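*Asks:* One structure, as structure tokens, below. Some questions next.
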Amino acid sequence: MGKPVILVSSVTYAMKSRDLLHKRGIKAYVERIPPTASSGCGYGLLVPNGVEEAEQILRDNGVKILGRIEQEAAP
């Protein structure tokens, strides 16, 4: 099973989102992902636990979420 990564529009939004989630007690990490048409800049937000709650918090705070992917875990 892969790691859930929330796609946002820029690395700046990824960093602001990480900080917002940390303040709410949710661990989140900015991750580099392969750029595609859906992933935009190639950065997302890895949320190991509570990804649904994290997405809702971000939406409630005006962060535009482009989608979510499962990034393959390193062997």
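The values are calculated or read from the model by the stated rules, or taken from the named source; none is laboratory data. Because the structure is predicted, anything quoted here is derived from the model rather than measured. Positions of Cβ are generated from backbone atoms using ideal geometry, with glycine treated the same way; all protein chains shown enter the neighbour counts. Side chains included, ligands, DNA and RNA excluded: accessible areas come from the protein's heavy atoms. Shrake-Rupley method; radii C 1.70, N 1.55, O 1.52, S 1.80 Å.
*Asks:* Skip the ligands, DNA and RNA, and give the accessible area per residue of the chain with a 1.4 Å probe, whole Å².
*Replies:* Counting only protein heavy atoms, the per-residue value for the chain is 61 Å².
*Asks:* May I ask you to list the lysines whose Cα is less than 19 Å away from that of Lys16, ignoring any residue fewer than eight positions away on the same chain?
*Replies:* Hits, sequence-local ones excluded: Lys27, Lys64.
*Asks:* Rounding to the nearest 20 debye, state how big the charge dipole of the chain is about its Cα centre with +1 on each Lys and Arg Cβ and -1 on each Asp and Glu Cβ.
*Replies:* Numbers: 10 positive and 8 negative charges, 48 e Å.
Approximately 220 debye in magnitude.
*Asks:* Hey, another quick one. May I ask you to list the aspartates and glutamates whose Cα is less than 20 Å away from that of Lys3, ignoring any residue fewer than eight positions away on the same chain?
*Replies:* Leaving aside aspartates and glutamates fewer than 8 places away in the same chain, those within reach of Lys3 are Asp19, Glu31, Glu52, Glu53, Glu55, Glu70, Glu72.
*Asks:* So, one more: 222 nm [θ] for the chain, helices only, -39500 (n - 2.57) per DSSP H run of 4+, per residue, to 500?
*Replies:* Calculated from helices alone, the mean residue ellipticity at 222 nm is -9500 deg cm²/dmol.
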